[in-house]
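Engineer: Encoded as structure tokens, here's the structure I'll be asking about.
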Amino acid sequence: MKFSIREEVQGFSPYEAGLSIDEIKQKYGLEKVIKLASNENPLGVSPKTMKVLEKKANLAFRYPQSGSPSLVEALAKNIGIDKKRIVVGNGSDEVIDLLIRVMAEPKIHNIVAFEPCFSIYCTQAKLCGVELRRTPLNADFSFDFDKLLNLIDEKTALVFITNPDNPSGFAVTKEEILAFAKRLPQNCLLVVDEAYIDFAEEKYHCFSLLEEQKNIAIMRTFSKCFGLAGLRIGYGIFPEEIADYLCRVRLPFSLNILAEEAAIAALSDNEFYAKTIELTKQGRAFLTSEFTKLGFKVLSSQANFIFVVTPTTGMAKPLFQFLLERGMIIRTLSSYGQAEAFRISIGLAEENEMLISLIKEYISTC
Ligand SMILES: *Cc1c(COP(=O)(O)O)cnc(C)c1O
């Protein structure tokens, strides 16, 4: 037998997700495991959202309304934009995938991003048979827009930037993004992935550019600040014409009925939202200061995680293992070409303290 497998698909390996809590519990016989590896909300699901989920569970037998119009309406009102410009999906992953398939013609168009970048841009471009062109970030993880521009030509359908960036936490101001957007050729859409924007200062938010600059799109998600990673909800704000095409080709029921209800509830829970931001900023300052005192290099972060570089070469691997065996999961960055660094999600105050005390214990045993 020789089945046909598309050339683009041969040689694909599956997405490498962070380790799961259950996996680690089982492997090391632990009762409690703390996961600071996937930038989830340490407060969990908002109480208001929990209530709605319980109340609406009995709707699970129904098909959702195609296109999740109630959520689109709630979002339009919440962020203050025409609902015709909003496209929701099963995680922003789905919207990114759709966008590439709708805008980029295989073997003709290209997509441009920095290296490293969010892996979904790469895998979905590859799956579509669309060329992905990348240029390295600066050594300090800042963006060199001139270098990005050098890769762009009249066949560039999309440019992706992540702001604040993952895994560095670096952010560019909206003025810098506007200046870059103005230099792009016509027909090229600049996609600003704002998965972590809630944790960033106001000057980094691009939303106010959408009216004046027509070639900018923004991606957002409910996976981080809103604490709903497991329900898979993301959305993009696009020029109306593009949004219209995305909605025409999207699978009709991509957002499930409970996800839609949960997202609407989460949007209205201002108290939980504010608490999440406050907790994250406090934890970020605490971890940055403690890691610096211990000799680690910590990048300045506008996100709900920090990027830390170990003080000595060869320390990252054994330290990671030491933490894992004691029930603390953080994110190694070899897949980003950063063997000596970690990305650590900001946890609850006691989780952050536990992490620091474990690291002190490790250092004292060396
Ligand atoms: C976490 C993250 C997302 C969110 O993806 P979902 O599919 O909505 O969970 C998007 N972009 C980046 C860069 C991220 O880190």
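The values are calculated or read from the model by the stated rules, or taken from the named source; none is laboratory data. Remember, it's a predicted structure, so these values are computed and weren't measured experimentally. Cβ coordinates were reconstructed from backbone atoms using ideal geometry, including for glycine residues, and neighbour counts include every protein chain displayed.
Engineer: Checking V88 against (1) at pLDDT 95 or above; (2) more than 22 Å from the chain's Cα centre (by Cα), which test does it fail?
Structural biologist: Here V88 meets the rest and fails (2).
Engineer: Can I ask one more? What is the number of the single condition among (1) away from the ligand (no atom under 16 Å from the Cβ); (2) assigned to a strand (DSSP E or B) that V191 does not meet?
Structural biologist: So V191 meets the others, but not (1).
Each row is one residue, and each column tells you yes or no for (1) under 23 Å from C225 (Cα atoms); (2) crowded, with 16+ Cβ neighbours inside 10 Å; (3) free of Cβ contacts under 8 Å to residues at least 60 places away in the same chain.
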{"position": "S38", "(1), (2), (3)": "yes, yes, no"}
{"position": "N41", "(1), (2), (3)": "yes, yes, no"}
{"position": "V45", "(1), (2), (3)": "yes, yes, no"}
{"position": "K51", "(1), (2), (3)": "yes, no, no"}
{"position": "F61", "(1), (2), (3)": "no, no, yes"}
{"position": "N78", "(1), (2), (3)": "yes, no, no"}
{"position": "I81", "(1), (2), (3)": "yes, yes, no"}
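Engineer: Could you grab me the full set of residues in region 6-24 that are under 26 Å from I346 (Cβ atoms) and either modelled with pLDDT of 95 or more or part of a loop (DSSP other than H, G, I, E, B) (or both)?
Structural biologist: Across region 6-24, the qualifying residues are Y15, E16, A17, G18, L19, S20.
Engineer: When you scan region 204-220, do you find a residue that is within 16 Å of the ligand (Cβ to nearest atom), in contact (Cβ under 8 Å) with a residue 12 or more places away in the chain, assigned to a helix (DSSP H, G or I) and in contact with a Pro (Cβ under 8 Å, 6 or more places away or on another chain), even just one?
Structural biologist: Looking through region 204-220, at least one residue is within 16 Å of the ligand (Cβ to nearest atom), in contact (Cβ under 8 Å) with a residue 12 or more places away in the chain, assigned to a helix (DSSP H, G or I) and in contact with a Pro (Cβ under 8 Å, 6 or more places away or on another chain).
Engineer: Could you check F145 against (1) buried (at least 21 other Cβ atoms within 10 Å of the Cβ); (2) more than 20 Å from the chain's Cα centre (by Cα) and say which number it fails?
Structural biologist: (1)
Engineer: Pick from G347, G314, G337, G295: which is among the small types (G, A, S), farther than 28 Å from I197 by Cβ and touching a strand residue (DSSP E or B) at 6+ places or on another chain (Cβ under 9 Å)?
Structural biologist: From the options G347, G314, G337, G295, the qualifying one is G314.
Engineer: Residue by residue through region 227-240, note down the ones that are near the ligand (Cβ under 10 Å from one of its atoms) and touching a residue at least 24 places away in the same chain (Cβ under 8 Å).
Structural biologist: L228, A229, L231, R232, I233, G234, Y235, listed by residue number.
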